[in-house]
Amino acid sequence: MNTHAHSSAERSLKERLQVKAESIGFDLFGVTDARPSERLDSYRSWLKAGMHGQMNYLEQHLPLKENPALLLSDLRSIVVVACSYYAPEPLQQSDFQVARYAWGDDYHVLMKQMLEQLATALKAEVSGFEYRTFVDSGPLLERDLASRAGLGWIGKNTCLIHPQKGSWFLLGCLLSNLDLPPDKPFESFHCGSCTRCLDACPTEALVAPHVLDARKCISYWTIEQREAIAPDMQEAIGNWLFGCDICQQVCPWNLRFAQPTQLEAFYPREWLQKATLPELLRLSEKDFALKIAPRSPIKRAKYRGFLRNLAVVMGNSGRQDYGPALQEARVRHAGDLMLESHFDWALQRLSTAD
Ligand code: B12
Ligand code: SF4
Ligand code: SF4
């Protein structure tokens, strides 16, 4: 807690900031102070256990996560915002699934622009205003900051859940030298005895409440991992082409409270609604760069990762008519051992499918 009382000017600045944030399109807004997280021990033990897999950047982030003040000299407060990405119209695909956050445009770009807009409004008003904005990729424990800023609790599935709006939210942070009064941290915990997310995870990646072993998580393998997908994960990935939403889909707070996004940018894009797996597999690297990468979060998998994911999903589809497309792709990408092994796996699996 900040020890000094905040002036009415600081309180009114915070109120105006919140109004501005809402007018820009943010659904949730909260403020916390610059203290380091109280949950760093669980982050350290998570890293120590190797549960971050090959996401080495999470190790590199540790010193900064330990001390957010290193990110901005004279850091006084952190504004945490959130946008719902729950599109009212679902992705209409029967052959494959893509995590909801990736149906539309890339939130990293969109929310960063929105945060910059918020900062620009402040710049005009406050002299000497210093700030930095972060969306996802920065060295901050965003969910922890969000719960400290009063936005919700961290569920057993490790997601931040708002008590009236669920967890289909993406987070962003504005660090600044403004002395804004912090909100009351969200201290209650509303999962109760529910264990639906742990029970539903197809790969048992939620190894304990609040502990996700990324090495078992479909989202990790299909988004973050650049090389081969572990053999024992390939079947379990099922038809998830990019990311996984199961531990959020089953959550009663989402089933009851999910609220449609105000941002059309998160609605499913037409190319994704219409795409077929063989067509996607035929994309050249240039097509991927021109048609998918510029706006979609799917670019994170990179071209090879995307083809690898396609091979796995097609292998799991039971659709023997996908054989020729996979054969063709194997010839086109001959020499890329990682891809070859995934195409071979898929062809083999289809040949033994009922
Ligand atoms: C690495 C990462 C991943 C990894 C690892 C996920 C994980 N659970 O750690 C992978 C690739 C698997 C992943 C998947 C997803 N991710 Co991700 N990911 C991140 C990233 C970059 C870092 C998270 C991190 O540091 N993890 C390490 C763990 C140890 O830290 P933590 O999750 O923050 O955990 C803290 C708490 O759980 C707490 N804690 C521990 N024990 C206990 C016990 C109790 C009782 C309590 C209350 C708390 C508590 O302490 C931990 C350390 O402080 C953040 C962005 C960021 N900079 O924070 C996005 C982020 C967490 N991801 C996000 C999203 C949307 C997803 C996916 C939904 C995408 C998808 N559909 O595929 C899935 C969800 C999977 C899941 N159940 O978490 C959002 C989450 C929004 C929300 N509402 O929570 C974030 C915040 C990005 C953003 N800016 O919006 N992600
Ligand atoms: S995202 Fe999917 S694989 Fe990962 S923990 Fe949740 S349900 Fe399990
Ligand atoms: S499914 Fe149940 S246990 Fe899991 S996060 Fe939601 S309420 Fe909590």
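The values are calculated or read from the model by the stated rules, or taken from the named source; none is laboratory data. Fair warning: this is a prediction, and the values are worked out from it, not measured in the lab. Methodologically, a virtual Cβ is constructed for each residue, glycine included, from the backbone with ideal geometry; neighbour enumeration extends over all protein chains shown.
Structure notes:
- For the stretch 311-350, residues that are under 22 Å from E285 (Cβ atoms) and in a loop (DSSP other than H, G, I, E, B) total 4.
Matching residues to (1) surrounded by 15 or more Cβ atoms within 10 Å (Cβ to Cβ); (2) of a type outside the set (F, W, Y); (3) touching a residue at least 24 places away in the same chain (Cβ under 8 Å); (4) assigned to a loop (DSSP other than H, G, I, E, B):
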| residue | (1), (2), (3), (4) |
| --- | --- |
| D41 | no, yes, no, no |
| W46 | yes, no, yes, no |
| K65 | yes, yes, yes, no |
| S73 | no, yes, yes, yes |
| V80 | yes, yes, yes, no |
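- Residue ID - nearest to G30 (Cα to Cα), chosen from residues in the stretch 157-177 that are away from ligand 2 (no atom under 16 Å from the Cβ) and among the small types (G, A, S): G172
- Failed criterion for H210 (all others in (1) on the phi < 0 side of the Ramachandran plot; (2) in contact with a Ser or Thr (Cβ under 8 Å, 6 or more places away or on another chain); (3) within 16 Å of ligand 3 (Cβ to nearest atom) hold): (1)
- Scanning the stretch 210-227 for residues that are in a strand (DSSP E or B) and either within 8 Å of ligand 2 (Cβ to nearest atom) or touching a Lys or Arg at 6+ places or on another chain (Cβ under 6 Å) (or both) turns up just one, L212.
- Verdict on R295 being charged (D, E, K, R) and not in a helix (DSSP H, G or I): yes
- Reported count of residues in the stretch 279-292, each being part of a loop (DSSP other than H, G, I, E, B) and surrounded by 18 or more Cβ atoms within 10 Å (Cβ to Cβ), is 1.
- Residues that are loosely packed, with under 12 Cβ neighbours inside 10 Å and at negative phi within the stretch 174-196 comprise K184, E187, S188, S193, listed in sequence order.
- Whenever a residue of the stretch 240-262 is basic (K, R), its partners that are at pLDDT 95 or above and more than 8 Å from ligand 1 (Cβ to nearest atom), lying with C-beta atoms within less than 9 angstrom and at least six residues away or across chains, give the pairs R256/G166.
- Counted residues, the stretch 230-278 - those being over 30 Å from G192 (Cα atoms) and part of a helix (DSSP H, G or I): 14
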